[in-house]
Amino acid sequence: MDDSNAGELQIYSVEERENAAATCIVRCVGGIVRTGQKFRVEATGDATDDSSLMSLDWINRYEKLIEFIDPPHSAKVHLSGQGVSLLERGVILYSIPTE
């Protein structure tokens with residue numbers, strides 16, 4: 001099974017939020033989450049709707065930048081995109097498979 005495109009993050013807290021970027025504490029609750037992946041708040045939705053779309057810019061664990069996390073690990077992450085306005089405690093982000 002190719003898990004390179006699978007991943008789910010649950011928001012624990014939003015530490016900082018700007019117009020189209022946010023730094024959050026998250027827990028990986030499914031698959032493998034990698035930097036560069038795209039995420040949506042909804043598991044399924046209109047592929048042309050960018051209102052909940054965001055990109056994972058970096059992952060920081062124990063003050064070290066890393067490339068991926070898997071369950072049940074937690075980390076600080078930076079997300080960017082229009083969807084950051086939807087982030088709040090308990091929200092689950094679902095990765096979008098790459099072609």
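The values are calculated or read from the model by the stated rules, or taken from the named source; none is laboratory data. Small disclaimer: the values here were computed from a predicted structure and weren't measured. With ideal geometry, Cβ positions are generated from the backbone for all residues, glycine too; neighbour counts draw on all protein chains shown. Only protein heavy atoms, including side chains, enter the accessible area calculation; ligands, DNA and RNA are left aside. Shrake-Rupley method; radii C 1.70, N 1.55, O 1.52, S 1.80 Å.
When you check Ser95 against the structure, is it open to solvent by less than 50 Å² (accessible area, probe 1.4 Å), free of Cβ contacts under 8 Å to residues at least 40 places away in the same chain and under 9 Å from the mean Cα position of the chain (by Cα), yes or no?
no
Output the residue which, of all residues in the range 56-92 that are without any contact (Cβ under 8 Å) to a residue 12 or more places away in the chain and part of a loop (DSSP other than H, G, I, E, B), is nearest to Glu18 (Cα to Cα).
Filtering first and then ranking leaves Glu63.
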